[in-house]
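Participant: Structure provided below as structure tokens; questions to follow.
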Amino acid sequence: MKIKLTVWRQRNRNAQGAFKDYEVEASPDMSFLEMFDVLNESLISKGEEPVAFDHDCREGICGACSMVINGSPHGPRQGTTTCQLHMRSFQDGDHIVVEPWRARAFPIIKDLVVDRSSFDRIQQAGGYITVNTGAPQDANAIPIGKAEADEAFDYAACIGCGACVAACPNASAMLFTASKVAHLSLLPQGAPERRDRVRRMVTAMDGEGFGGCTNHGECSAACPKEIGQDAITLLNREFMRAGVSAK
Amino acid sequence: MELDAKIPSGPIEKKWDKHRFEMKLVNPANKRKFRILVVGSGLAGASAAATLAELGYEVDCFCFQDSPRRAHSIAAQGGINAAKNYQNDGDSVYRLFYDTVKGGDYRAREANVYRLSQVSVDIIDQCVAQGVPFAREYGGMLTNRSFGGAQVSRTFYARGQTGQQLLLGAYSALNRMIDAGKVTMHPRTEMLDVVLVDGHARGLITRNLITGEISRWAGDAVILATGGYGNVFYLSTNAKGSNVTSAFRAYKKGAGFANPCFTQIHPTCIPVSGDYQSKLTLMSESLRNDGRVWVPSNPEDARAPNEIPESERDYYLERRYPSFGNLVPRDVAARAAKKECDEGRGVGSTGLSVYLDFAAAIERDGRDQIEDRYGNLFEMYERITGESPYRQPMRIYPAVHYTMGGLWVDYNLMSNIPGLHVLGEANFSDHGANRLGASALMQGLADGYFVIPYTLGHYLATGWQGKVATDHPEFDKAEEEVKAKVEKLMGIGGRTPVDVFHRELGQIMWDHCGMARNREGLQKALQLIPELRERFWNDVAVPGDSMELNPWLEKAGRVADFLEFGEIMCHDALDREESCGGHFREEYQTDEGEALRDDENYAYGAVWEYQGPDAAPKLNKEELSFEYVKLTTRSYK
Amino acid sequence: MSQGKAQSLLVSSVTLKIVMAITGVAMVGFVVIHMLGHLIVFQGRVAYNDYAEFLQGLGGLKWIARFGLLGMIGAHIAAATALTNRNQRARPEGYVKLRSRRTTFAAKSMWFAGLAIFFALLYHLAHFTLGWVDAEQYTWIDEFGRHDLYSHFVISFEDPRILGTYLAFVVFVCMHLSHGVTSMFKTMGLSRGRFTKPIEMIGPVVAIILFLGFAAPPLACMMGVVTAG
């Protein structure tokens, strides 16, 4: 199948970027990234500069890959990362526009590669349970209902790819931040630090320059792990709970 | 090369306790004076960095990914073993130890394995306390499953994403220490050399992958937790970035590389679909609990699978291994699939796959049950292949998945270079010639949370030789070498993309040092690899500039190392004239085609020592003794 | 490579959202009561003018309510402005194309609809509260010598221009609330699990009820079901 690609090229963070057109001969069994591999090999052979993009595990779990494909982060398939998107989702002759994640808090490093270290800094602001190695009691000493454990897992499934930010009309990182807050808020282990955690993580999120949530739901629609907006509701609840607390 | 495993004396169940008491401690107030350099942020690296920082050490942690959370530990699916015996089904520390030594085909060090089994129980406690959402029963207790043919249910799991959840746990512990200012994280930073001062590992040379800047780091000890080298095969289940570079640079500085030929081939992966294939995807081993493996009896049979009648199907695992059937260990299942394909009975357009059929299970338990158990795996399979396992059998083929070999370490997880510690998949210590399912996560976390925090202190208290600074001449030398190599790669000006060489190397390794090896093939590989290397250094194309983000330069550096490393693997496979675990030498098999081990002559860890650029590596041996687990032939008949 | 220390903002985005939700609740409450008031039109002139007299007779309470509402409006607009500003800064360089999968037209036009409502509200106040639009009608009195709001109401909506403006106003309000009411529940942390689906529906349902409630009296006037005679 013949694919016409229009790809964002930008030399580095401060350079002016622009779209460039390419043609690729793809096979329906290729993954979207393998199509880029083919493009890059042909560019290298022609002595042209290949397209830089983030990727690593290529099995949908590391969260590195990040392309906005025809206006959708990770492309048209529900619950699928770019690396797991296959060319059979497209038609011969299709024109595909590929852009990087765009947000002030995700500055472009090169071409389609963006700097998502803001996500790490949000996690560092309390996205953890304070427990030293060796300190805990027996794992079964804290019973946790299956429903709570399962729901906590739903939020813990976040891979930190940033598609939520990329899809949000406000470039908000609420779903990302809320996933961690919600995960830990549902577990008894997370309770002692719940107030500080939500306050600090929200402050960090705002401070990185992400937008605010206005409940569009685009984040959940784009999330490759299909994390629901209930996470955001839970963050809001935690935030108010912390707000009315005297401590 | 001096190989002293430093195994403590005394009965095996007392060794670790005794050793913990005998090791020297670092005064709490002095810990902050030590700077530890940790390379890698997967389960082993992140857990080590976090725990050492909790103890008070100053830690610098490096990873090539954009975030420590993306280390490839994240992709582990199945679970993590622990001898908790929560299911009351007869498990114990001793049984886990026994199973692991036996499963490793008696090529692991007993004392290390016993310690691993001991601390396995603490890992689960630690992870739960961090908020890892393991699967639970309705009553709120943790649940377990039997995994990879184990006869007890000792595997803890978090849906099909156990690795991810454990890594996020370790990542959160790491974040806490970054927040506390005790760990400085250096993402998108690749280690390109280790610096030795007076024979001790005291520093690193790194390249900032965004700016291209080469930097020096001085520390008081170095920890490598850099994962396995499966990508030497080009196609593997490893992440694209996984590489051998850190371990290999240490090897070139004198660290012994042990058992490099022990690679694990996982039997249930999605088969290759074309030349453009960049990576193989694993399907959880749990599929074999309900799926039946078969091929058409007649090699010429070109019918669609559903049209082939029962009588013309060969359920070869059930036929050859009546008692374990489809649940034989990984190495056995993988080799059996290869045998069928080699003999022409493989299916699919390439002939390189076998069927894994769920029709019987769906008929027995109903589609809903099967969907409940494997729904997300079936979905993933369909996403990749476009075929639905509900309607037609899956096609699977073995793929390189894990490497048991790695840098040689003693009981303290220190290599033969003082101060250079190696954790997780990067070392060779615990899995012998074959790793059991759900044991990799266990080992990575055991090393990082519960072993290195003790043994590193002992090194600092007894072997440490005072502060060094980055202006030491050894740093000058190492940095110059690194810069020269980068410049050399940039200056070749060839026309052939790196991946072309990598694919070719992978093919050589897969053909001659893969699931089955023989003398002739290995000798051929030893001839082909240097030729390929020669072509690489003359014709590789590295576009762009070295002082910017340049994924092709990164790749070229890694492939250059694989091109040397592949040879060591072949040397090792050639030396080991027996079949054991993941290493199957065709010359050494029983009449029925099973692996034939030679305990008389090969019960040793083969430790390879660098001898200079064009010389063959030198073999050193660590003899293994088995006092507790009787050497028997593994049989799954 | 790091962006450096994160900047510290005075008020968090979640706090701003909570301000919007709380002021939103108060205003929705007002809108609902106001709609019920309109419906009294169907009970005829006496009942309607009675109601108007009752409201005017509240004295101090009336002023507390008026200033309260003004405060709510002010806070709502201030929070919205702050949030919108931040949201616009959060993506300095846009996409050539960003496809929406789940959001609604109402959600995307909150700011615009909010502004439209604000100006329509000024007009509405000028019309019925201050009597600037049709000063003559404002002087009408009923049989008890009170201001005849009933006639003012009915005659006004017989004019298709006034009716049109008013209906547009109602449409904006309903659109704003169809997203706003659901959003309010989410911000207050109330929409979760089995409540999620019903709460997704609350906004649109409230919007439809309000639309019917607000559109019925003026349409009845225009169609001659309710007359001033």
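Participant: Look through region B:206-250, keep the residues that are aliphatic (A, V, I, L, M) and surrounded by fewer than 24 Cβ atoms within 10 Å (Cβ to Cβ), and return whichever of them is farthest from the other protein chains (Cβ to nearest Cβ). Spell out how you get there, then give the answer.
Facilitator: Step one: filter region B:206-250 for residues aliphatic (A, V, I, L, M), giving B:209-210, B:214, B:218, B:221-225, B:232, B:235, B:239, B:244, B:247, B:250.
With the extra rule that they be surrounded by fewer than 24 Cβ atoms within 10 Å (Cβ to Cβ), the set shrinks to B:209-210, B:214, B:218, B:235.
Details: B:209: 9, B:210: 5, B:214: 16, B:218: 22, B:235: 11 Å.
Only one residue fits best here, namely B:218.
Participant: Which one of B:118, B:87, B:77 is under 30 Å from residue B:241 (Cα atoms) and in the same structural domain as residue B:227 (by TED's automatic domain parsing)?
Facilitator: Values: B:118 fails: under 30 Å from residue B:241 (Cα atoms); B:87 fails: under 30 Å from residue B:241 (Cα atoms).
Exactly one of B:118, B:87, B:77 is under 30 Å from residue B:241 (Cα atoms) and in the same structural domain as residue B:227 (by TED's automatic domain parsing), namely B:77.
Participant: Is it true that residue B:253 is open to solvent by 20 Å² or more (accessible area, probe 1.4 Å) and under 28 Å from residue B:174 (Cβ atoms)?
Facilitator: Numbers: open to solvent by 20 Å² or more (accessible area, probe 1.4 Å): yes; under 28 Å from residue B:174 (Cβ atoms): yes.
The answer is yes for residue B:253.
Participant: Could you run through region C:172-224 and say how many residues are crowded, with 22+ Cβ neighbours inside 10 Å and small (Gly, Ala, Ser)?
Facilitator: 6
Participant: Scan region C:166-213 residue by residue and report those that are among the basic types (Lys, Arg) and modelled with pLDDT of 95 or more.
Facilitator: In the first step, residues of region C:166-213 are kept if they are among the basic types (Lys, Arg); the result is C:186, C:192, C:194, C:197.
Across region C:166-213, the qualifying residue is only C:186.
Participant: Is it the case, given these coordinates, that residue A:103 is assigned by TED's automatic domain parsing to the domain that holds residue A:49 and out of contact with any strand residue (DSSP E or B) (no Cβ under 6 Å at 6 or more places or on another chain)? Outline the logic, then answer.
Facilitator: Numbers: assigned by TED's automatic domain parsing to the domain that holds residue A:49: yes; out of contact with any strand residue (DSSP E or B) (no Cβ under 6 Å at 6 or more places or on another chain): yes.
Yes, satisfied.
Participant: Could you say whether any residue in region A:88-105 is assigned to a helix (DSSP H, G or I) and within 15 Å of the chain's Cα centre (by Cα)?
Facilitator: Our first condition is that a residue be assigned to a helix (DSSP H, G or I); within region A:88-105, this holds for A:88-89.
In the following step, the residues that additionally are within 15 Å of the chain's Cα centre (by Cα) were identified as none.
Among the residues of region A:88-105, not one is assigned to a helix (DSSP H, G or I) and within 15 Å of the chain's Cα centre (by Cα), which makes the answer no.
Participant: Here's a follow-up. Applying the selection to region A:56-82, what residues are within 22 Å of residue B:237 (Cβ to Cβ), of a type in the set (Val, Ile, Thr) and open to solvent by less than 10 Å² (accessible area, probe 1.4 Å)?
Facilitator: A:80, A:81, A:82
Participant: A further question on this structure: Looking at region B:604-630 only, could you name the residues that are loosely packed, with under 10 Cβ neighbours inside 10 Å and aliphatic (A, V, I, L, M)?
Facilitator: Listed by number, the list holds a single entry, B:615.
Participant: Considering region B:155-169 alone, what residues qualify as being open to solvent by 10 Å² or more (accessible area, probe 1.4 Å) and in a loop (DSSP other than H, G, I, E, B)? It would help to see each step written out before you state the result.
Facilitator: First pass over region B:155-169, keeping only residues open to solvent by 10 Å² or more (accessible area, probe 1.4 Å): B:157, B:159-161, B:168.
Within region B:155-169, B:157, B:159, B:160, B:161 meet the criteria.
Participant: Would you be able to say whether some residue in region C:110-119 is more than 14 Å from chain A (Cβ to nearest Cβ), open to solvent by less than 40 Å² (accessible area, probe 1.4 Å) and touching a residue at least 24 places away in the same chain (Cβ under 8 Å)? Let's see the steps before the verdict.
Facilitator: Going through region C:110-119, the residues more than 14 Å from chain A (Cβ to nearest Cβ) turn out to be C:115-119.
Among the residues that remain, those that are also open to solvent by less than 40 Å² (accessible area, probe 1.4 Å) are: C:116-117.
Going one step further and asking which of them are touching a residue at least 24 places away in the same chain (Cβ under 8 Å), we end up with C:116-117.
The answer is yes, given that some residue of region C:110-119 is more than 14 Å from chain A (Cβ to nearest Cβ), open to solvent by less than 40 Å² (accessible area, probe 1.4 Å) and touching a residue at least 24 places away in the same chain (Cβ under 8 Å).
Participant: Select the helices (runs of 4 or more DSSP H) contained entirely in region A:130-247, then report the ones holding at least 1 residues which are modelled with pLDDT under 95. Reasoning before the result, please.
Facilitator: Values: elements: A:146-156, A:163-167, A:174-185, A:194-207, A:218-222, A:230-244.
Those helices (runs of 4 or more DSSP H) span A:146-156, A:230-244.
Participant: Turning to a different aspect of this structure: Is it the case that residue C:95 is within 30 Å of residue A:74 (Cβ to Cβ), surrounded by 13 or more Cβ atoms within 10 Å (Cβ to Cβ) and not basic (Lys, Arg)?
Facilitator: Details: within 30 Å of residue A:74 (Cβ to Cβ): yes; surrounded by 13 or more Cβ atoms within 10 Å (Cβ to Cβ): yes; not basic (Lys, Arg): yes.
In short, yes.
Participant: Next up: Residue by residue through region B:513-531, note down the ones that are in contact (Cβ under 8 Å) with a residue 24 or more places away in the chain and buried (at least 17 other Cβ atoms within 10 Å of the Cβ). Even if it seems obvious, please write down each step before you answer.
Facilitator: The first filter runs over region B:513-531 and keeps only residues in contact (Cβ under 8 Å) with a residue 24 or more places away in the chain, leaving B:513-519, B:522-523, B:525-526, B:529-530.
Selection gives B:513, B:514, B:515, B:516, B:517, B:522, B:525, B:526, B:529.
Participant: Quick one: which of B:445, B:436, B:413 is within 27 Å of the chain's Cα centre (by Cα), open to solvent by 10 Å² or more (accessible area, probe 1.4 Å) and in the same structural domain as residue B:79 (by TED's automatic domain parsing)? Please lay out each step first, then the result.
Facilitator: Numbers: B:445 fails: open to solvent by 10 Å² or more (accessible area, probe 1.4 Å); B:413 fails: open to solvent by 10 Å² or more (accessible area, probe 1.4 Å).
It is B:436.
Participant: Of all helices (runs of 4 or more DSSP H) completely enclosed by region B:390-505, which ones contain at least 1 residues that are closer than 30 Å to residue B:373 by Cβ?
Facilitator: Numbers: elements: B:440-445, B:452-462, B:473-491.
Qualifying helices (runs of 4 or more DSSP H): B:440-445.
Participant: Just to verify a result, which residue in region B:170-205, among those that are in a helix (DSSP H, G or I) and without any contact (Cβ under 8 Å) to a residue 60 or more places away in the chain, is surrounded by the fewest Cβ atoms within 10 Å (Cβ to Cβ)?
Facilitator: We begin by selecting, within region B:170-205, every residue in a helix (DSSP H, G or I); these are B:170-179.
Then keep just the ones that are without any contact (Cβ under 8 Å) to a residue 60 or more places away in the chain; that gives B:172, B:175, B:178-179.
Details: B:172: 26, B:175: 26, B:178: 24, B:179: 18.
Filtering region B:170-205 for residues that are in a helix (DSSP H, G or I) and without any contact (Cβ under 8 Å) to a residue 60 or more places away in the chain, the one surrounded by the fewest Cβ atoms within 10 Å (Cβ to Cβ) comes out as B:179.
Participant: Conditions first: (1) away from chain C (no Cβ under 14 Å); (2) in a loop (DSSP other than H, G, I, E, B); (3) not hydroxyl-bearing (Ser, Thr, Tyr). Residue A:38 passes all but one, so which condition is the exception?
Facilitator: Single failed check for residue A:38: (2).
Here is a yes/no grid of residues against (1) at the interface with another protein chain (Cβ under 7 Å from one of its Cβ atoms); (2) under 24 Å from residue A:201 (Cβ atoms):
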{"site": "A:72", "(1), (2)": "yes, no"}
{"site": "A:93", "(1), (2)": "no, no"}
{"site": "A:99", "(1), (2)": "yes, no"}
{"site": "A:106", "(1), (2)": "no, yes"}
{"site": "A:112", "(1), (2)": "no, no"}
{"site": "A:115", "(1), (2)": "yes, yes"}
{"site": "A:126", "(1), (2)": "no, yes"}
{"site": "A:129", "(1), (2)": "yes, yes"}
{"site": "A:132", "(1), (2)": "yes, yes"}
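Participant: Residues of region B:291-316 being open to solvent by less than 40 Å² (accessible area, probe 1.4 Å), out of contact with any Phe, Trp or Tyr (no Cβ under 8 Å at 6 or more places or on another chain) and in contact (Cβ under 8 Å) with a residue 12 or more places away in the chain, which ones?
Facilitator: So in region B:291-316, the residues open to solvent by less than 40 Å² (accessible area, probe 1.4 Å) come out as B:291, B:293-296, B:301, B:305, B:308, B:313-316.
This time we only want the ones that are out of contact with any Phe, Trp or Tyr (no Cβ under 8 Å at 6 or more places or on another chain), so: B:296, B:301, B:308.
The answer is B:296, B:308.
Participant: Mind checking whether some residue in region B:536-552 is crowded, with 22+ Cβ neighbours inside 10 Å and within 15 Å of residue B:433 (Cα to Cα)?
Facilitator: no
Participant: Now a separate question. In region B:164-188, how many residues are more than 8 Å from every other protein chain (Cβ to nearest Cβ) and under 21 Å from the mean Cα position of the chain (by Cα)?
Facilitator: Start the filter on region B:164-188 by keeping residues that are more than 8 Å from every other protein chain (Cβ to nearest Cβ), which leaves B:166-167, B:169-170, B:174, B:177, B:180-184, B:186.
Now restrict to residues that are under 21 Å from the mean Cα position of the chain (by Cα): B:166-167, B:169-170.
So the answer is 4.
Participant: Would region B:81-90 turn up any residue that is part of a loop (DSSP other than H, G, I, E, B), open to solvent by 10 Å² or more (accessible area, probe 1.4 Å), out of contact with any helix residue (DSSP H, G or I) (no Cβ under 8 Å at 6 or more places or on another chain) and of a type in the set (Asp, Glu)?
Facilitator: yes
Participant: Also: Take region B:514-561 and flag every residue that is assigned to a loop (DSSP other than H, G, I, E, B) and over 19 Å from residue B:192 (Cα atoms). Before the answer, list the steps.
Facilitator: So in region B:514-561, the residues assigned to a loop (DSSP other than H, G, I, E, B) come out as B:514-516, B:518, B:542-550.
If the condition is that a residue be assigned to a loop (DSSP other than H, G, I, E, B) and over 19 Å from residue B:192 (Cα atoms), then B:514, B:515, B:516, B:518, B:543, B:544 are the ones that fit.
Let's see how each residue does on (1) surrounded by fewer than 17 Cβ atoms within 10 Å (Cβ to Cβ); (2) among the hydrophobic types (A, V, I, L, M, F, W, C); (3) within 14 Å of chain A (Cβ to nearest Cβ); (4) in a loop (DSSP other than H, G, I, E, B):
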| residue | (1), (2), (3), (4) |
| --- | --- |
| C:10 | yes, yes, yes, yes |
| C:23 | no, no, no, no |
| C:34 | yes, no, no, no |
| C:38 | no, no, no, no |
| C:41 | no, yes, no, no |
| C:55 | yes, yes, no, no |
| C:99 | yes, no, yes, yes |
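The values are calculated or read from the model by the stated rules, or taken from the named source; none is laboratory data. Predicted, not measured: the structure shown is a model, and the values here were computed from it. Quick reminder, even Gly has a Cβ in these numbers, built from the backbone with ideal geometry, and neighbours come from all protein chains shown. Surface areas here come from the heavy atoms of the whole protein model, side chains and all, with no ligands, DNA or RNA. Shrake-Rupley method; radii C 1.70, N 1.55, O 1.52, S 1.80 Å.
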